[in-house]
Amino acid sequence: MVTGWWDLFLTEQLHDYAAIRAAGVTARITIGPWLHADPGELKAIVQEDVGWLSYHLNGGPPPPGGPVRIFLHEAGTWHDFTEWPPGVTATTYYLRPGGGLSPAPQPAAASPATFVYDPANPTPSASGPLLQRPGKQVDNSAIEARSDVVTYTTEPLPAHLDLVGPVSARIFVRTSREHADLFVRVCDVDAQGVSRNVVDGIQRLSVRSIPAPDLSAGDDGVLAVDVELFPTAYRIAAGHRIRVQVSGGAFPRFARNFGTTEPFATATRYVCCRFEIHHDAQHPAQVTLPVLPGS
């Protein structure tokens, strides 16, 4: 298998790879710095297929390296692993009041962050894993300046972090509408303050979602929402900061939620939705990153 970190089908292909290996079948996967059907990806497909078939059908040399070969963004290096995901340390960063992002959770009560999502002026999408250009990374400054986006940022990192594997988030949210979406994005903020997207994910909060989200609500009506973000292999350099964005959508990459029961394709009515993002001692909102040992 060959795919790219910015390929729209990356997650499904990794699921296929895991299922094949779980069935006891030999498999290989290469993941490069590519968008879907990038010239580099197409070249790698031909090279990998020819080598694979030559070995299995024509007695050629075995393909070099491990069964999992990945490109590490911002390091510019290729790495071989025996499995996916590789052995990593799940490292949690907690959303803090006032826009902080910290390895330690908020120890006391705190007011939630709030914003209003307006389907008539939906939060726009900015690049990411797409089927065609433009994709990959862009400056997120304009989106982060909007009133319908809240951000949480670490202090500058003392050493680089190599993130290799799946990324997830648990966000505690209360909305004014039953029908709403929750979009989470992790960004790399460089020394000049430019924020570039690394991975993201979205979760529909409506109970009509297919498949239905795994939501649990406390007595206060705050939902604990688990969001699966894209997997990645990315180096966040020393001196850079990690930033988490939270918003109510990313349009047009994801269809906007109109806040009603009408089907998206034919909806004629829309309703604004107020979000509360909770990050106090009772609601430890967090993002979990896969940190490669030694980084």
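The values are calculated or read from the model by the stated rules, or taken from the named source; none is laboratory data. For clarity, every value in this text was computed on a predicted model and none was experimentally measured. Every residue, glycine among them, receives a Cβ derived from its backbone with ideal geometry; neighbour counts consider all protein chains shown. For the accessible areas, the whole protein counts, side chains as well, though only heavy atoms, and no ligand, DNA or RNA atoms are used. Shrake-Rupley method; radii C 1.70, N 1.55, O 1.52, S 1.80 Å.
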**Request:** Go through the range 1-15 and give me each residue that's of a type in the set (D, E, K, R) and part of a strand (DSSP E or B).
**Result:** Asp7
**Request:** From the list Thr175, Thr153, pick out the single residue that is over 18 Å from the mean Cα position of the chain (by Cα) and of a type in the set (Ser, Thr, Tyr).
**Result:** Thr175
**Message:** Condition first: at positive phi and touching a residue at least 12 places away in the same chain (Cβ under 8 Å). Can you find one or more residues in the range 243-253 that meet it?
**Reply:** yes
**Complete:** The lone condition Leu53 fails out of (1) within 20 Å of Phe81 (Cα to Cα); (2) out of contact with any Ser or Thr (no Cβ under 6 Å at 6 or more places or on another chain) is (1)
**Complete:** Residue count, the range 238-265, condition hydrophobic (A, V, I, L, M, F, W, C) and farther than 25 Å from Pro97 by Cα, comes to 6
**Request:** Out of the residues in the range 16-35 that are more than 18 Å from Val164 (Cα to Cα) and part of a loop (DSSP other than H, G, I, E, B), state the one that is most open to solvent (accessible area, probe 1.4 Å).
**Result:** Thr26
**Message:** Consider the range 50-81. How many of its residues are in a strand (DSSP E or B), within 18 Å of Arg21 (Cα to Cα) and open to solvent by less than 30 Å² (accessible area, probe 1.4 Å)?
**Reply:** 2
**Request:** Could you check how many residues of the range 85-96 are open to solvent by 40 Å² or more (accessible area, probe 1.4 Å) and touching a Phe, Trp or Tyr at 6+ places or on another chain (Cβ under 8 Å)?
**Result:** 1
**Request:** Being in contact (Cβ under 8 Å) with a residue 24 or more places away in the chain, touching a Pro at 6+ places or on another chain (Cβ under 7 Å) and surrounded by fewer than 20 Cβ atoms within 10 Å (Cβ to Cβ) narrows it down to one of Pro231, Pro284, so name that one.
**Result:** Pro284
**Request:** Go through the range 36-49 residue by residue and tally those that are surrounded by fewer than 17 Cβ atoms within 10 Å (Cβ to Cβ) and in a helix (DSSP H, G or I).
**Result:** 8
**Request:** Look through Phe251, Phe275 and report the one residue that is at pLDDT 95 or above and open to solvent by less than 20 Å² (accessible area, probe 1.4 Å).
**Result:** Phe275
